[in-house]
Each structure stands twice: as C-alpha cells, then as structure tokens.
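K.L.:
Let me give you the structure first, and then I'll get to my questions.
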Amino acid sequence: MTVTRIAPSPTGDPHVGTAYMSLFDYIFAKQQGGTFILRVEDTDQKRYQPEAEARVLAALSWLGLEPDESPATGGPNAPYRQTERKQIYAEHARKLLEEGKAYRAFETTEELAAIREELQRKGLGYGYDGRGRTVPKDESERRAAAGEPFAVRLITPDEGETVVHDLLRGVVRIPNREVPDMVLLKSDGLPTYHLAVVVDDHLMRVTHVVRGEEWLPTAPIHVLLYKAFGWPEPVWIHMPVLKNAVGKKLSKRKDDTNLESYRRQGFLPEALLNYLGTMGWSMPDGREFFTVDEMIQNFSFERVSLGGSIFDLKRLRHYNAKYLRELPVTKLAERVEPFLREAGYRWDDEDYLLDVLDVLRPRAETLTDFTEHGYFFTESFSYTADARKKLRGGQEYLEGLERAFARLESFDEDSIEDTINDYVQRQSGLKKGAVLQPLRAALTGTTHSPGMTEVVSILGRSRVLSRLGRALTAITEGLPDDKPDKLPKDRGDQSSGEEAVKKGEAV
RNA sequence: GGCUCCUUCGACUAGCGGUUAGGUCACCACUCUUUCACAGUGGCGACACGGGUUCGAAUCCCGUAGGAGUCACCA
C-alpha cells in the first residue's frame, strides 16, 4: 500500500511549493491506489501561526488536492498535529538515549553560537562538534534530574559515509564528517523536524517520502535515524525546487508564493495545477495541457527532470487564459461572478452576463481581467484620454449613428452591422475605423474593446442611445467632474471642453 | 568556504548512441481586422567547455566551469 504525505508547517501563508509537492504526492498516491496524508509540523512554537493550518487546508482544498487523512478529516493515524504527538517523540528519544545512540547536550544558546563560530573559522561546514558526548552518563542523569535544560542529540558516525538512495538521483553519498550530531529533542520537549518526520513517517507507514531537494543535505540524518531505530527506510524522492526569475529558490520574502494571492488574482485551480504539473515533469506524449486525472493516468517519476524550473508568471497566465477560453460559459460565469460583485458590478439577468463573458474571454487571462470592462455593468464610467481624443473628432458620426440606431426596427447583430456599414458608405471616402473608434469611445469610454457590433448588440438600444447622448453632451459641454488635462496641451485642437478624467475612476 | 545536487533555445521542456536537435510560452513579422485580443502562418533562438569511449555522441565516462541547495534547540 502506497502512502505519501505532505507535511506543511503552519508558519505563514499557504505556499505554492506546498501545492507543488502536494500535487506529486496526491497523483502518485491516487495512481497507486494508496493514501495521501497531510500532517501538520507545528513543532516550532516561535514561528507558529494559529490560522495558518486552516489556510493551508483551504488552499489545498481549493486546488482539489484533498488529503485522505489530515487534522480536519482525522484517520487511523491520528493525531495529525505533531504537538499532539509530543509524547511519542519523547518516548522514542528516550529509547535512543537508553540504547546509547543519543545523548543529552547541555550547552546554552550562547555556547552553541561560540562553537559554531569556531567551527566556521576552521572552515568546517556544520554547527556542532559533538562535545556533549563526553559528559558521563551518571552526570547526564543527575543534571537532567536536577532540572537543567538539555537537548537530545543523535550520535552520528565520525567516519565513513552515509548513502541516500534517491529514486531520482541514484546513490547519493555524504561523508559522515559532514553530518553533525543533530538535535532530536529540543529543550522545550518538542522534537525537531528530523526526529518527528522519521518517527511519524514510520508510524504512519509512509512508503514514499516526496519532498523538495532542500532536504537532500539532511537526508543522511534521517537515514541514520531509521538505522538507529532499526526501521526499513521509505523510498526517498527529492524533487527539484521551484525557482524565481533570477533562478533562486522561491522565497516568500521576495516572491509571490501565496496560493491565496493566486486565487485572488483570478487564477483557476485547474490551470495552476496543470502549470505546476509541467514544472519538472512532462506527459509521455508531450501534451502540455492536461488534467489532474490525466496526470494520474500517465505519471511516473522517470519523467521528472531535475533542473529546477523557473516559475514563470507569463506562462502561468497563458495556461489560465487557455482554461478560461475552454470553460463552458455558464461555468465561467460561476467563476467570474464573485470577482464582478467584489468590484461592485451588477447586471440585470444571467443571459446578459453570459453574452458579456463570451465576448470578453478571448482577451482575458485571469478572472480579474473581466472586471476591467466595467462599462458592461455600469453607466458611470469615465473616458480615458485616448477615448476623449476619439470623441473630439467624432461628433458628426455619433450624431449620425444615433439617428440610425434610433430608427432601427430590429436591434440584432445583423441589423446593427448593416446599419454601421451603410452609414460608413454614405460618408464617401471614410474609413470604417474613423466612425467606429468614436463609437467605441462613447460606448465604452476606452479605445480597446470587443467588436462594436457585439458591444452595441449586447448593450441594447436604450443603453446605446443614452451613452451616445451622454458622449455628445460631453463633447459640446464637457463633463461636470472633469479635471484639467495634465498633459502639456494637445497641439492643434480646441481642447476647451475636453479634460482629463482620471482613468481609475471608471466605476 | 565545506558538502551535495544540477546543466538542451530568454523560459518550460522532448530527446534515453545514428534526428535538418522537436514542441510550447515569450519575442518579431505577416494574415484576419473597426481597436484590443483570439486564431492562423512564418521567423529568431539551445545541446556550458575540454578530454576520452565508440564507426558514430546532446545522449556513456572523467575533468573544468557555471548555477542551485544546504551548513539552527526552523521546517
């Protein structure tokens, strides 16, 4: 039975790296008919954040990577929070102590810092010299009994090497002199990661440890611990890390690693997952767009590439756009609606919304992009500087179109198209754009929008006529709330009535 | 700096001894066109370097260089 696990620590925002590892944990477990466990590694009391656990759970749930066992679902291996398993680690540490495989270390933080400094100075690449080993057993017992704080450290070999059999990299050999006597149990009684993972992974029968490459240097400690306990090792799989634009490991300080942020920015979970799936892994047939189910069908660790991929937002956007375009429009509406409401927009009926989304989506990459066309949802939009320029030269055409639209019997796309074409033809030598750009400016307040026939048709006659009227008024009188154009005077044209309206005010 | 991992177009990658080194994003051009997009066509663009092994190396081996990760009573 295959068991994988993700072990996030509740210390901050839900991290995209957690989603990345979870994806592989999840698909591999599903493919093997196994289970995927989420275990909370909350042994660092200093960095602990109360809401973080719920947020990771929610983020994974948003992505659809539901664990079979977790603090929320419970399960046969409960509890799933390490602080609630404190006793288990203490017992295991004691066992190692009794068997002489570990020892108590009484150094203070200051002493440790001094030791570390000296080792660094000698050019040795680790932080502890193992001096606690020399404390006699009876003295160790006595000081512990007297209440002196101590940590429990693992005795690691001084010579030779420890080999880690990594599924992706083969045999990795690390000289034992590089493996210090790591702390297993902290003086606060809680375990370090090293003790806790090993104990939990063993007890929870985890068969495949899939984790980031940053764990490779400490993997020998874990191997040594499995040996010390006499337990069989799991399969070690150290995945490449996600990198940022400069090729460094993604960091929450410098990069946007918050899953909630991607959600807010209007990324679809299925698109994010697909994108993540192409980072370091590829479909056997080279397909670049695939679902989680398809990934489950085709996954194998053999096709993992080890380079470490750069997380490229542009490419993510491309994936998102693709998914946006292929969603049935009613489904799309469900996704977009919260964003639209958030922006304060309203619409009369669902059909109207569907029509709008349909014409907008070829140019949308994220759900938030739909909110940038507020003119579909409100009359109180402003005119951009470019739009105002178009309005200035278009007064005559707008009046003509206003009359033509008013006269139209049936306000459908074909009639609208014919009307516009007829009008353009009657103005001899006129280019279509000369008419349509002012119309676009009047109806949308911008110079970029879907096709005018579609926009006119979707908005409907009354809105179109009223907007034309409003634009005409603006051209002749200027808007009451106009502010002076901050550009140094447009040369040539009479900019008397036309002033800037701040772009961002369009609501 | 020590140790470890990694190395194909700017980016994501295919390739697992014999290919004009393929695809996608980005970029550029063209087509479509009322704008912006979408779509379509084309273009630019890579095997880090040096040695081997072999009839033959992007593919195997060894060096070098570069990049990354890690060196806590954090995970």
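For (1) near RNA strand B (Cβ under 8 Å from one of its atoms); (2) outside the structural domain of A:Gly170 (by TED's automatic domain parsing); (3) at pLDDT 95 or above; (4) polar (S, T, N, Q), each residue gets a yes or a no:
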residue	(1), (2), (3), (4)
A:Thr218	yes, no, yes, yes
A:His222	no, no, yes, no
A:Pro234	no, no, yes, no
A:Ser251	yes, yes, no, yes
A:Asp256	no, yes, yes, no
A:Gly266	no, yes, yes, no
A:Pro269	no, yes, yes, no
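K.L.:
Same structure, new question: Going residue by residue through segment A:386-407, is there one that turns out to be within 15 Å of RNA strand B (Cβ to nearest atom), buried (at least 19 other Cβ atoms within 10 Å of the Cβ), closer than 28 Å to A:Glu337 by Cα and not charged (D, E, K, R)?
P.N.:
So far as segment A:386-407 goes, yes, one or more of its residues are within 15 Å of RNA strand B (Cβ to nearest atom), buried (at least 19 other Cβ atoms within 10 Å of the Cβ), closer than 28 Å to A:Glu337 by Cα and not charged (D, E, K, R).
K.L.:
Shifting gears a bit: Let me confirm something: among A:Pro175, A:Pro234, which residue is crowded, with 20+ Cβ neighbours inside 10 Å and within 30 Å of A:Leu306 (Cα to Cα)?
P.N.:
Values: A:Pro175 fails: crowded, with 20+ Cβ neighbours inside 10 Å.
Answer to the check: A:Pro234.
K.L.:
Can I ask one more? Inspect segment A:58-77 for any residue being closer than 20 Å to A:His194 by Cα and either at pLDDT below 95 or part of a loop (DSSP other than H, G, I, E, B) (or both) and give the result as yes or no. Walk me through how you get there before you give the answer.
P.N.:
Pass one, segment A:58-77, residues closer than 20 Å to A:His194 by Cα: A:77.
Restricting the remaining residues to those that are either at pLDDT below 95 or part of a loop (DSSP other than H, G, I, E, B) (or both) gives A:77.
Checked against the condition, which is being closer than 20 Å to A:His194 by Cα and either at pLDDT below 95 or part of a loop (DSSP other than H, G, I, E, B) (or both), segment A:58-77 yields at least one hit.
K.L.:
Take A:Gly33 and decide whether it is surrounded by fewer than 16 Cβ atoms within 10 Å (Cβ to Cβ), more than 16 Å from RNA strand B (Cβ to nearest atom) and within 21 Å of the chain's Cα centre (by Cα).
P.N.:
Values: surrounded by fewer than 16 Cβ atoms within 10 Å (Cβ to Cβ): yes; more than 16 Å from RNA strand B (Cβ to nearest atom): yes; within 21 Å of the chain's Cα centre (by Cα): no.
When the stated conditions are applied, A:Gly33 does not pass them.
K.L.:
Any chance you could count how many residues in segment A:280-326 are surrounded by 15 or more Cβ atoms within 10 Å (Cβ to Cβ), under 22 Å from the mean Cα position of the chain (by Cα), free of Cβ contacts under 8 Å to residues at least 24 places away in the same chain and more than 10 Å from RNA strand B (Cβ to nearest atom)?
P.N.:
Looking only at that region, the number is 2.
K.L.:
Inside segment A:200-216, can you point out the residues that are within 13 Å of RNA strand B (Cβ to nearest atom) and in a helix (DSSP H, G or I)?
P.N.:
Residues satisfying the conditions are A:Asp200, A:Asp201, A:Glu213, A:Glu214, A:Trp215, A:Leu216.
K.L.:
Another question, then. Quick one: A:Ala102 ticks every box in (1) of a type in the set (A, V, I, L, M); (2) under 28 Å from A:Leu250 (Cβ atoms); (3) surrounded by 14 or more Cβ atoms within 10 Å (Cβ to Cβ) bar one, so which box is it?
P.N.:
(2)
K.L.:
Looking at segment A:134-145, can you tell me whether even one residue there is away from RNA strand B (no atom under 12 Å from the Cβ), over 23 Å from A:Leu38 (Cα atoms) and of a type in the set (Val, Ile, Thr)?
P.N.:
For segment A:134-145, residues away from RNA strand B (no atom under 12 Å from the Cβ), over 23 Å from A:Leu38 (Cα atoms) and of a type in the set (Val, Ile, Thr): present.
K.L.:
Checking A:Val197 against (1) surrounded by fewer than 16 Cβ atoms within 10 Å (Cβ to Cβ); (2) of a type in the set (A, V, I, L, M); (3) within 21 Å of A:Leu167 (Cα to Cα); (4) within 9 Å of RNA strand B (Cβ to nearest atom), which test does it fail?
P.N.:
(1)
The values are calculated or read from the model by the stated rules, or taken from the named source; none is laboratory data. This is a predicted model, so every value here is computed, not measured. Cβ atoms come from the backbone with ideal geometry, glycine included; neighbour counts cover every protein chain shown.
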